[in-house]
Amino acid sequence: MEVCYQLPVLPLDRPVPKHVLSRRGAISFSSSSSLFGAPDPRQLSQRRGAISYDSSDQTALYIRMLGDVRVRSQVGFEPERRISHPYLCIDFRTLHTRPGYGTTSASSAPERRVHRLLSFQRYLHSSRLLRGVPQQIPLHLLDEDYTGQARCMLEKVGNWNFDIFLFDKLTNGNSLIALTVHLLNQYGLVELFQLDMVKLWRFLVMVQEDYHSDNPYHNAVHAADVTQAMYCYMREPMLAKSLTSCDLLLGILAAATHDLDHPGVNQPFLIKTDHYLATLYRNTSVLENHHWKSAVGLFRETGLFSHLPAEDSLNMERELGSLILATDISRQNDYLSRFRRHLDQENLCLSNASHRHFILQMALKCADICNPCRPWELSKQWSEKVTEEFFQQGDIEKKHRLEVSPLYDRAINTVGNIQIGFMTYVAEPLFAEWTRFSDTRLSQTMLGHMGLNKASWVGLQQEQTSASKEAEAEPAGAEADAIGAARRDSAAGSDTSSKEIPQGSKDS
């Protein structure tokens with residue numbers, strides 16, 4: 001069986017929870033395989049989009065990682081069905097459920113067949129008739145004043161103080177779509193690559209929908225923020241004069257999709273719960289591989305690059321994956337050491353395609369964790385959001401009696417100590433090397449903001465520590481006062497009795 005892009009073999013020997021939903025195009029098999037022969041959509045037995053057949057592309061079948069997926073072909077292959085499975089039964093769709101949402105009665109009608117491959121997020125929205133409308137957002141058109149303000153903000157999209165939270169409000173929750181379209185048009189990439197605007201818009205709508213809006217941090221606003229930061233880096237003199245149009249397109253799309261369909265938990269959580277994604281990607285860059293394959297699935301479903309030669313389209317997908325995989329924080333030291341070695345040897349040549357690609361990787365890594373380098377008003381909001389997502393995972397781990405991940409326990413950690421540690425051991429080393437590479441006003445501004453933000457967190461930590469000590473001291477002081485008062489009362493009582501006894505004896 002030929003597996004495209006050297007994807008791992010579908011683990012049909014291990015059962016997968018029925019509630020788990022995967023991404024479209026996560027696994028692709030060549031239809032020229034003797035196993036499948038010439039498939040007919042009517043020969044495919046599917047449950048809730050387990051298998052999707054694209055009639056416009058006679059060369060591929062896309063198979064989802066679902067429980068008891070059954071493939072009927074000319075050879076009549078059907079995996080064995082099992083009742084139990086070793087996976088921890090944690091349904092990611094119910095982590096942020098709303099009252100009355102998604103509840104169905106046991107006697108409801110049979111499950112509707114869904115013929116499209118759905119992500120975690122799109123499964124929740126599959127019943128909506130209007131595609132591209134964010135959840136709980138009114139359908140009325142935005143007021144002209146709001147759209148005008150959004151356009152004014154886009155004129156200053158290269159400003160490092162760009163407020164993505166305000167922009168998201170002005171675009172009615174569509175910041176990722178509006179920002180990405182603007183940047184692609186600003187660089188002239190839509191015309192240069194002859195991108196179909198309908199396909200492009202559909203692609204971006206689906207990308208934005210696949211970000212989980214209930215994640216405090218890893219959502220579409222974070223993707224828009226990273227995209228804006230990536231644009232700022234690509235405008236730096238050393239990159240602006242060296243990057244090709246293809247580099248610019250890849251940089252923008254990689255930033256927009258780098259956390260696509262993020263479930264709101266980290267890789268160690270997926271591994272220790274035997275999640276099917278960890279099995280599929282063999283515990284290596286699990287989330288980053290999932291983000292990449294999710295983006296590739298959207299490319300193919302929308303046909304965004306279908307007009308390009310097949311080889312160019314495949315190269316685009318591979319290079320996009322290389323950029324997204326670089327955001328794996330567990331490989332931070334590997335990339336940083338390589339970056340430092342290039343800078344020490346002064347052998348970076350941006351006319352070399354591989355060196356340009358490496359710099360794009362480093363730029364995306366910086367954009368992904370640039371929150372500590374933003375002005376305090378923005379940085380503080382991001383810090384609180386990412387910490388809340390950590391704590392939510394810690395709550396889930398406690399609920400299911402799992403070992404709580406370091407820094408994820410809200411009972412013993414604070415936003416301040418987490419951020420101070422992150423800046424010290426992760427952000428500062430990375431941005432120090434980036435400044436060596438591109439010592440510009442922007443780089444100095446980022447380092448300045450990070451220093452001020454770190455000092456602010458240290459100050460807040462000290463205030464919280466002193467306040468907690470005072471709070472502990474107050475009960476202790478009150479208790480000591482009560483004991484002292486009791487002793488004085490006891491002493492006074494004993495004095496009175498000692499005086500009364502002689503008087504009584506005298507009277508007697």
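The values are calculated or read from the model by the stated rules, or taken from the named source; none is laboratory data. Quantities reported herein were computed from a predicted structural model and do not represent experimental measurements. Note that we place each Cβ from the backbone using ideal geometry, even for glycine, and neighbour counts take in every protein chain shown. Keep in mind that these areas ignore ligands, DNA and RNA; they rest on the heavy atoms of the full protein, side chains included. Shrake-Rupley method; radii C 1.70, N 1.55, O 1.52, S 1.80 Å.
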Cα-centre dipole for the range 289-400 with unit charges at Cβ (Lys and Arg positive, Asp and Glu negative), debye to 20: 180 debye
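So between GLU388 and ARG401, what do we pick up on full extension, going 0.36 nm a residue minus the alpha carbon distance? Could the numbers behind the result be given before it?
Working: separation 13, 0.36 × 13 = 4.68 nm, distance 1.96 nm.
Using 0.36 nm per residue and subtracting the Cα-Cα distance, I get 2.7 nm.
Using r as the Cβ-Cβ distance of MET197 and SER245, and R0 as 25 Å, what FRET efficiency do you calculate, to the nearest 0.05? Write down the numbers at each step before the final one.
Numbers: r = 18 Å, r/R0 = 0.71.
Given R0 = 25 Å and the Cβ-Cβ separation, E is 0.90.
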So how much slack lies between THR147 and ASN159, counting 0.36 nm per residue of separation and subtracting their Cα-Cα distance, in nm? 2.4 nm
Determine how large the accessible area of THR465 is when every protein chain is in place; take a 1.4 Å probe and give Å² rounded to the nearest 10. 60 Å²
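Hey, which of these cross-link pairs are over 28 Å Cα-Cα: LYS156/LYS380; LYS241/LYS365; LYS169/LYS199; LYS241/LYS385? Can you show the working numbers first?
Values: LYS156/LYS380 22 Å; LYS241/LYS365 21 Å; LYS169/LYS199 25 Å; LYS241/LYS385 36 Å.
Violating the 28 Å limit, Cα to Cα: LYS241/LYS385.
Which of rounded, prolate or oblate describes the range 305-390 when judged by the alpha-carbon gyration tensor and an a/c cut-off of 1.5? If you can, show how the numbers build up before the last one.
Working: a/c = 2.45, a/b = 1.38, b/c = 1.78.
Oblate is the answer for the range 305-390, as a/c is 1.5 or above yet b/c matches or exceeds a/b.
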Taking a spot 7 Å from the Cα of MET238 along the direction of its beta carbon, which residues of the range 409-432 have an amide N less than 13 Å from it? 431-432
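Taking the Cβ of VAL226 as the centre, find all other residues whose Cβ is under 11 Å away and add up their charges (Lys, Arg: +1; Asp, Glu: -1). Before the final figure, lay out the partial values.
Values: positive: LYS365; negative: ASP225, ASP259, ASP368.
Neighbour charge sum, excluding VAL226 itself: -2.
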Points 7 angstrom from Cα along the Cβ direction at THR414 and THR440: gap in nanometres? 3.7 nm
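Express in nm, to one decimal, how much length is gained between ALA353 and ALA473 on full extension, taking 0.36 nm for each residue of separation and deducting their alpha carbon distance. Show your work: numbers first, answer last.
Values: separation 120, 0.36 × 120 = 43.20 nm, distance 6.33 nm.
Taking ALA353 through ALA473 to full extension adds about 36.9 nm, to one decimal.
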